[in-house]
1. Has the stretch 321-343 got any residue that is within 16 Å of ligand 2 (Cβ to nearest atom), touching a helix residue (DSSP H, G or I) at 6+ places or on another chain (Cβ under 9 Å) and not in a helix (DSSP H, G or I)?
2. Can we say residue 280 is touching a strand residue (DSSP E or B) at 6+ places or on another chain (Cβ under 6 Å) and either at pLDDT below 85 or crowded, with 19+ Cβ neighbours inside 10 Å (or both)?
3. Hey, can you tell me all the residues within the stretch 155-195 that are assigned to a helix (DSSP H, G or I) and within 14 Å of ligand 2 (Cβ to nearest atom)?
4. Restricting to the stretch 309-346, count the residues that are closer than 23 Å to residue 148 by Cβ and within 17 Å of the chain's Cα centre (by Cα).
5. Between residues in the stretch 173-197 that are at negative phi and without any contact (Cβ under 8 Å) to a residue 12 or more places away in the chain and residues that are outside any helix (DSSP H, G or I) and surrounded by fewer than 24 Cβ atoms within 10 Å (Cβ to Cβ), which pairs lie under 9 Å by C-beta distance while being six or more apart or on different chains?
6. Of the residues 267, 272, 256, which is farther than 25 Å from residue 170 by Cβ and away from ligand 2 (no atom under 16 Å from the Cβ)?
Ligand code: ADP
Ligand code: MG
């Protein structure tokens with residue numbers, strides 16, 4: 001396979017990308033914590049770099065540094081990771097540029113202290129700790145924006161919304177709805193709905209013990225408990241809750257001991273008539289790397305999916321966001337965004353935040369032309385919808401095989417490998433399920449697609465040439 005990567009195809013410089021990421025993170029922080037916090041603290045943060053898993057900032061005084069560290073760092077980390085998962089930690093150093101800034105507590109700060117100190121003004125909410133063991137909190141914080149009030153209902157999510165609402169409002173487990181299994185693609189509102197249930201129960205039934213956490217955190221806590229010989233209190237803790245929510249369970253797949261523990265916890269809770277709510281990026285039947293008995297039990301309750309959004313829903317979400325943020329954005333700009341950015345809501349919100357942040361910086365009205373300019377990169381990639389047919393065609397050309405061999409039964413390596421590459425790319429670049437992809441490659445079984453995906457992943461790890469080919473094909477297909 002002769003083609004190689006060329007420099008001009010490389011993405012935008014990482015500096016520019018980091019500045020963009022920071023402006024989006026900052027816009028979200030501003031939205032969550034409000035103008036007073038923004039003006040007193042957050043706006044003083046200057047991004048120095050984001051590399052090697054760390055985002056580094058400078059601030060002008062130690063006082064500001066300490067305040068940010070104690071109040072905002074966990075949110076900064078979390079939001080940054082949503083944008084770019086390679087960043088794991090945040091580092092803040094004091095760099096006093098002008099002496100007028102040094103360690104002066106201004107009236108602005110005093111006002112902010114008053115606001116931030118009132119009970120409940122803290123915006124994340126995390127209560128439960130291991131009983132007696134003195135360990136850190138076991139659940140994940142809830143995002144104050146993720147409530148039912150802020151959730152816009154449309155045809156793609158109305159079933160999931162109705163199921164979530166019913167479970168949230170019921171004091172007991174509803175027969176047939178345990179576990180409630182919410183599934184759907186990235187950024188379509190699974191976490192939002194789960195946290196809305198948690199908020200609802202915490203506000204209306206505070207005596208019910210609700211735990212929300214990501215599957216990754218479950219795994220992390222489990223391994224930690226094993227290491228610290230705390231496994232008994234770990235088990236007791238998880239078995240004593242009324243409602244357990246585990247987000248993104250696909251991350252537990254393939255991790256055998258965690259999977260096993262999760263399964264026991266899960267059974268114990270269901271047998272004791274406690275509510276379990278689970279989210280996943282695919283349906284129970286599409287989950288691989290999970291034991292059959294676990295998979296089938298996951299599907300016992302109520303499984304509802306969240307589908308791709310419609311234009312009206314996207315527009316509705318944008319309208320509600322600008323209303324909450326109290327900013328004026330012309331309707332035609334919102335319509336433009338809702339039309340152009342259809343892949344997921346997180347991206348749509350990110351685009352809106354970026355446009356707002358940008359125009360407040362340069363103090364100019366928001367127009368469609370301005371929006372096009374600010375979002376040029378994003379629009380370029382999201383305009384291109386890759387189909388399985390595109391992929392088959394492009395890979396066949398690249399590897400010099402006949403298009404018909406993508407569907408044929410021939411097993412010679414020269415055609416089988418490109419076919420596997422095309423299946424792999426179809427899984428990665430389209431939203432089709434494994435069985436659908438199998439059908440599009442001459443009616444193959446979904447297990448053949450799984451095999452192809454694994455094979456290519458394995459080969460890419462060992463073979464740079466193939467890895468480069470895959471990257472090149474990805475970029476050709478997306479541009
Ligand atoms: P997922 O967990 O499915 O990846 P999230 O729940 O994190 O997605 O949603 C991504 C973003 O989109 C969040 O900021 C969320 O508030 C927003 N969002 C998703 N669906 C809706 C909706 N129906 N109404 C309002 N906001 C939504
Ligand atoms: Mg999520």
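1. Yes, the stretch 321-343 contains at least one residue that is within 16 Å of ligand 2 (Cβ to nearest atom), touching a helix residue (DSSP H, G or I) at 6+ places or on another chain (Cβ under 9 Å) and not in a helix (DSSP H, G or I).
2. yes
3. Residues satisfying the conditions are 160, 164, 190, 191, 192, 193, 194, 195.
4. Going through the stretch 309-346 one residue at a time, the tally reaches 4.
5. Matching pairs, first to second residue: 174/302.
6. Every option except 256 fails the conditions.
The values are calculated or read from the model by the stated rules, or taken from the named source; none is laboratory data. All values derive from a computational prediction rather than experimental measurement. Note: ideal-geometry Cβ built from the backbone for every residue, glycine included; neighbour counts use all protein chains shown.
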